[in-house]
Amino acid sequence: MNERPQIVVTGVGPVSSLGIGREAFAGGLRTGASGLQPAGPEWGEEWSGRPLGGVADFDVGRYLESEKTYLDRASAFALAGSKLALKDAGLLPLAVDPTRIGVCLGTAFGCLDTMLSFLAKVFDKGAKYANSVLFSHSYANSPISLVAIEFGLRGYHSTVTDGVSSGLAAIAQAALALQTGQADVVVAGGVEALGHVLLSAMREPSRAGAPPGPQADTQAPLGEGAGLLVLETSDHASKRGAEPLCCVAAIGFGPHCERAVCFRADSGSAVTWCLSDSIGECFGASGALEACGAAVCLSAGYSPASEKGAPRSAEVASCRVRLTLERCPTEASP
Amino acid sequence: MSRRVVVTGMGVVCCLGSDQDTFWRRLLAGESGIGPITKLDPTGLRNEEAGEVQVFDWEALGPEGTPPVDEATQFAYAASAEALRQAGMECGVQGDASRVGLVFSTNFGGAASWESFAESRLRATGRLEVAAFNEFRFERAAEFVAEAFGLRGPKMTLSNSCSSGASAIGLAADLIRLGHADLVLAGGHDSLGLSTLAGLSILRTITAEKCRPFDKNRSGTIFGEGAGVLMLEAEDHAKERAAKVLARVLGYALNNNAYHLTAPDKGGQGMVEVLRAALVNACVTAEQIDYVNAHGTGTQYHDVAETQAIKQVLGPRAYQIPVSSIKAATGHVMAGAGSVEAIATILAMRDGVVPPTVNYETPDPECDLDYVPNVAKSATVRMALSISAGIGGNNAAVVLAAP
């Protein structure tokens, strides 16, 4: 049996409060900026003034060939992130076999605001007057379907809905698909959108006798965005002359581990990095945005958590999924 | 070197029954579990019938304490418990629990819990049902089952609309093949709710009369609920503990038509590609397939497109073997469909008899395969293909073989 293909990352498409696109995101990482801003009154009394990592000035139209009748914010992020990642990888216009390029997308909550809008109409007017457009955009796999349609990606295709690990788990599933020869390229990562439904659900769980209220003091700030990476077999990347950002050294599953990103230098010293300090808890997008950040740092030769030396590897961990990225070997390396 | 993957346990909950034996007996008898919708007001729905789970006692089937989890989670738990029992693990897994995982899938998560939360959110006053939101989460069933049975290995939940069940089996097989686990519980679950039925109704995928897959007068599908869970295991691991092997999982494929969210792609090329890819992944040829468990929803377009795809990929073999859809008997179990149907396929291999396509009355010249109309048929099935497809344009196929 042949050895499993080596996998590399050839593009990233981050959409976050820290910046949209590789350059802006990397700039934010380098300067240690924060994407958190006080929430405006539109988020309601409980959240107004509290730090939120909302993606400001986001215009999905910039990333699409044609205007869409309707898009949930999660779908919009997925489309933008995928476009940015594919472009960063030099894959647009698509000149690879469309049946060999897939998508794996993770999201903890999918399209909650669309789900609620759909159900509100059903409650109000009855099932006979349900809105088919809203329903078809309300599935957890609506974002991934729209990505496949927009970019003509007919290959391996799967949505992971695994809570906060969703994006990282989708990247791991993409790696498995590449290792088993089911695809040559997979656009993989996670998306999550802030919305009224999510923010209202993130209140402190109601306990008997206690009034509902935000988990203000104990809850980490919330955020949103998309982290998409282009994973590719190294053979396929090299044949088309693509320059990888980094290699996928390993994927691991179970048992439960803490969520963290750990950069290791050649010397073996390790530093821990916490992206959510800068962009908030982004649920299904968080691990994927961390992976984007790790890929960018490994490629550029710096660690966001330390000034000292280029990192050799980064391990991104979330609950039962682990992804280890490594700096690509150079000609001079052994 | 990839490890070989076998099935050592199965569990089913659907409108035909809440255990494997009842399910299979009624399926082979040509019965349908579809009946009047009783759990909610069906006013305004295209059809007032569905495949509701009828016989299900959570107090008896669930863990001690009868925790108040969503119905969808209950279905997944009960099917998992049956699969674990059959695999000889009802008292818990032996050995390293970090080598035992789950891949579940669901379209809607805890549907009733979502509606309860949504209702509270839309009301101007009163308490927000945040606990209900917790029970709605897509990954809740996997979390609950993992905790209940002490499964500490890989844990994933997928959501691939009606390809979900098949995609869970495929990913679970890959986890074992590549050495990330020795055992993985895999399958899909969904429960019927107003939101689901109203949405599927307005998309006009639901028939106003009976579901008749491949019949000339077919006009749509009828949805059902439930769960199908399989215990996938590394063959070497199963041999070591002398577990009874029910089937082998040879391979699978997933893809997307990349055409439209709800309209089918012209020419059905996406399905052709997924069937070809599944055979390649399984390293088998068309001539080796003895039975196809079709997606067969009973919609006008889909059934003929699927027939054409089967013919294109299997060639003359398509005319030599039975091709049946059990959706008229079980309802379309949504995320559970692919895994419930995989279980039916494995039972067909075990007993040498394939389940019928019920409600079949009038042949359609465009659908001219042997759909096993109404009555189960004896057949030696050594290898089979199970097909699924879902909203969003995704397709899935799993290749199964007798032990």
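Here are the numbers for this structure:
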quantity: Chain A: relative contact order as a whole-number percent, Cα under 8 Å and 6+ apart; calculated: 25 percent
quantity: Relative contact order of region B:297-403, pairs being alpha-carbon contacts under 8 Å that are 6 or more residues apart, as %; calculated: 26 percent
quantity: Label-to-label distance, nm, for residues given as A:Ser132 and A:Asp57 (7 Å Cα→Cβ offset); calculated: 4.0 nm
quantity: Global form of region A:100-191, assessed from the alpha-carbon gyration tensor, a/c cut-off 1.5; calculated: prolate
quantity: Residue-averaged beta-carbon neighbours from other chains (10 angstrom radius) around B:158-170; calculated: 5
quantity: Hydrodynamic radius of region B:299-357 per Kirkwood, over alpha carbon pairs, in Å; calculated: 12.7 Å
quantity: Extension gain from A:Lys239 to A:Ala220, taking 0.36 nm per residue of separation minus the Cα-Cα distance; calculated: 2.4 nm
quantity: Rough spin-label spacing in nm, given labels placed 7 Å along Cα→Cβ, for B:Arg204 and A:Lys87; calculated: 3.8 nm
quantity: Sites B:Lys39 and A:Ala310 - FRET efficiency at Förster radius 56 Å, r taken between beta-carbons, to 0.05; calculated: 0.40
quantity: Reachable lysines, given that their alpha-carbon falls under 28 Å from the alpha-carbon of B:Lys239 and they are not under 8 places away in the same chain; calculated: B:Lys155
quantity: Among B:375-384, B:142-151, the order from most to least packed when residues are scored by Cβ within 10 Å on average; calculated: B:142-151, B:375-384
quantity: Local electrostatic count, B:His237, Cβ distance below 14 Å [Lys/Arg +1, Asp/Glu -1]; calculated: +2
quantity: Candidates B:Asp215, B:Asp57, B:Asp303, ranked by Gaussian network fluctuation over chain B, Cα under 10 Å, top entry; calculated: B:Asp57
quantity: Cα shape, region B:270-403, gyration tensor, a/c 1.5 rule; calculated: rounded
quantity: Exercise: per-residue mean of other protein chain Cβ atoms within 10 Å, B:381-392; calculated: 2
quantity: Flagged links, alpha-carbon separation over 30 Å, of A:Lys125/B:Lys266; A:Lys239/B:Lys311; A:Lys68/B:Lys216; A:Lys128/B:Lys216; A:Lys83/B:Lys327; calculated: A:Lys125/B:Lys266; A:Lys239/B:Lys311; A:Lys68/B:Lys216; A:Lys83/B:Lys327
quantity: Crossing angle, helix A:166-179 versus chain A [Cα axis fit, 0-90 degrees, rounded to tens]; calculated: 40 degrees
quantity: Candidates A:Ala310, A:Ala188, A:Ala201, ranked by Gaussian network fluctuation over chain A, Cα under 10 Å, top entry; calculated: A:Ala201
quantity: Separation of the B:Asp96 and B:Val280 label points, Cα + 7 Å toward Cβ, nm; calculated: 3.4 nm
quantity: Convex hull volume per residue for the protein assembly as shown, taking Cα atoms only, in Å³; calculated: 148 Å³
quantity: Charge context of B:Ala253, other residues only, Cβ under 13 angstrom, K/R +1, D/E -1; calculated: +1
quantity: Among A:Glu258, A:Glu232, A:Glu65: highest mean-square fluctuation, GNM of chain A, C-alpha pairs under 10 Å; calculated: A:Glu65
quantity: Rel. contact order, % - alpha carbon contacts under 8 angstrom, at least six apart, chain B; calculated: 24 percent
quantity: At R0 = 41 Å, FRET efficiency that the Cβ-Cβ distance of B:Arg123 and B:Met1 yields, to 0.05; calculated: 0.10
quantity: Neighbour-count order for A:Lys87, B:Lys210, A:Lys239, fewest beta carbons within 10 angstrom listed first; calculated: A:Lys239, A:Lys87, B:Lys210
quantity: Order of A:Arg320, B:Arg4 - criterion: other Cβ atoms within 10 Å of each residue's Cβ, fewest first; calculated: B:Arg4, A:Arg320
quantity: Shielding of A:252-261 by partner chains, average beta-carbon count, 10 Å; calculated: 4
quantity: Per-residue ³J(HN,Hα) for region A:3-16, Karplus 6.51 cos²θ - 1.76 cosθ + 1.60, θ = phi - 60°, Hz, x for Gly and Pro; calculated: 5, 5, x, 6, 10, 10, 9, 10, x, 9, x, x, 10, 8
quantity: Degrees between helix A:73-88 axis and first principal axis of chain A (Cα, 0 to 90, nearest 10); calculated: 20 degrees
quantity: Stokes-Einstein D in µm²/s, Kirkwood radius over Cα pairs - region A:235-334 at 10 °C with 1.306 mPa s viscosity; calculated: 112 µm²/s
quantity: For peptides A:132-138, B:90-96, sequence by mean Cβ density within 10 Å, most packed first; calculated: A:132-138, B:90-96
quantity: Shape of chain B, Cα gyration tensor, a/c cut at 1.5; calculated: oblate
quantity: Nearest 10 degrees, 0 to 90: helix A:286-300 Cα axis against chain A principal axis; calculated: 30 degrees
quantity: Burial ranking of peptide ranges B:316-327, A:148-159 (average Cβ count within 10 Å, highest at the top); calculated: A:148-159, B:316-327
quantity: Under 15 Å, Cβ to Cβ, from B:Ser105 - net charge with Lys/Arg +1 and Asp/Glu -1; calculated: -4
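Just so you know, all these numbers are worked out from the coordinates, no wet-lab data involved. A quick note: this is a predicted structure, and the numbers were derived from the prediction, not measured. Backbone-built Cβ (ideal geometry, glycine too); neighbour counts: all protein chains shown.
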